[in-house]
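Worksheet: the structure to be examined is printed underneath.
The values are calculated or read from the model by the stated rules, or taken from the named source; none is laboratory data. No experiment lies behind these values; they were computed from the predicted model shown. Here the Cβ is made from the backbone with ideal geometry for all residues, glycine too, and neighbour counts use every protein chain on show. Calculation scope for accessible area: heavy atoms of the full protein, side chains included, ligands and nucleic acids excluded. Shrake-Rupley method; radii C 1.70, N 1.55, O 1.52, S 1.80 Å.
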Amino acid sequence: MPTLLERDRLPALATGFAILGSGGGGATTMLELALRDERAWPFELHSVDDLDPETPCLAVGFVGSTMLLSERLPGTDPFGRLIGAAERWLGHRIPAICSLEGGGVNGLTPFAFAAGRTIVDADLTGRAVPSLDQMSILVDEVPGIVVTCDTGAGGVALVETERALDIERVVRAAIVQAGGSGGMVFAGFTVGDLRAHAIVGNAARALELGGAFLARIDGPLTALAESLGGRLLAEGRVSSIEPDSRDPHVLTFGIDGSSGALHRLVARSETLAFMTDGRLEAAAPDLIVVVDAVSRDILEVTAISMARHVAVIRVDGPDWWSGSPERLRHVLPSAYGLDELDEVRTDEVPA
């Protein structure tokens with residue numbers, strides 16, 4: 001039976017997806033505000049087991065600069081042309097929809113733009129990730145995937161290829177031409193494919209995490225972390241922000257801990273690793289959540305600033321990524337060129 005989501009669950013859902021962003025994925029505010037006025041409530045959220053596994057499905061999300069989305073609003077139907085192009089290419093209507101990315105703003109996209117389709121509780125990442133070749137159905141090499149995206153001025157690009165890197169490169173080029181941000185659709189897969197090759201139940205997890213966070217938001221930071229099933233790694237003041245000498249997109253944040261320890265938070269578009277006095281304590285695919293220790297705002301990497309008083313919480317990442325060494329290598333810090341920060345638990349990963 002589907003889960004019925006009432007409008008009053010929206011704050012918990014949005015907060016949960018902000019947590020799953022692990023410092024990236026874009027702020028949920030824009031779609032949260034749009035959904036407050038959405039007349040389609042309540043939503044039915046279906047598990048993959050509720051539906052015929054042969055049901056065609058599509059995944060929607062925004063790609064490019066999420067900051068631009070707040071400056072250039074996407075309109076009321078940003079995926080309509082993209083879905084239409086995919087359906088014409090495949091030759092049939094696609095009745096089910098899920099999220100492309102299970103962290104940040106994209107976690108909410110199926111609810112805001114379902115357009116009468118059945119919403120499936122699954123996505124292709126389980127957290128925010130920076131690259132399109134990290135989508136789970138590409139990592140598992142599911143055949144027949146079709147991708148459409150904006151090119152600007154009402155144009156649509158369609159990519160069908162067996163090489164995941166082509167999707168990353170072609171779509172990025174199209175999105176640059178579109179102005180730096182735009183919509184994207186993955187199609188050519190089924191609900192049965194999601195069961196085997198995607199992160200299932202992630203919206204339910206977002207609801208659980210967000211509800212727990214909001215219930216403890218005014219309490220002690222240790223209790224807040226424990227309510228998420230996580231651990232408080234640090235509380236302190238941001239004392240330095242340094243670009244990596246090998247990659248200027250990688251930043252290291254120094255945090256002077258309130259206990260006297262020296263912490264280092266390494267991030268790109270998402271948080272990737274955390275160290276205390278040189279000891280690695282967390283690394284992707286762990287969720288490393290940074291919270292303003294005073295306001296309790298969940299911070300994106302771009303909002304971590306000098307002298308800000310922050311708390312850092314580790315929460316378990318999606319189990320899917322640890323299902324095999326091949327999956328895991330796509331989300332370890334080494335996938336971002338930071339080989340020395342890998343934390344591989346070989347006893348937990350099937351050979």
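Tell me, Kirkwood radius of region 267-316 from alpha-carbon pair distances, in Å? It works out to 11.3 Å.
Rounded to the nearest 10 degrees, the angle from helix 10-20 to the longest Cα principal axis of the chain is 70 degrees. Report note on the peptides 251-258, 322-329, 89-96: ranked by the mean count of other C-beta atoms within 10 Å, highest first, their order is 251-258, 322-329, 89-96. Normalised by 2.2 N^0.38 Å, where N is the number of residues, the alpha-carbon radius of gyration of region 1-122 equals 1.04. Relative protection proxy for 282-288, 108-114, from highest mean packing down: 282-288, 108-114 (other beta-carbon atoms within 10 angstrom). To the nearest 10 degrees, how steep is helix 164-177 against the longest Cα principal axis of the chain, on a 0 to 90 scale? The angle comes out near 90 degrees. How far is helix 80-90 tilted off the main Cα axis of the chain, in degrees rounded to 10, range 0 to 90? Between helix and principal axis, roughly 60 degrees.
Surface analysis of the chain yields an accessible area of 42 Å² per residue, using protein heavy atoms and a 1.4 Å probe.
Over all directions, the average projected area of the alpha-carbon convex hull for the chain comes to how many nm²?
17.0
The alpha carbons of region 211-351 give a radius of gyration and a Dmax of 15.0, 44 Å, in that order. On the principal axes of its alpha carbon atoms, region 1-66 extends 35, 27, 20 Å, with the longest extent given first.
Along its first, second and third principal axes, ordered by size, region 54-203 spans 37, 29, 28 Å in Cα coordinates.
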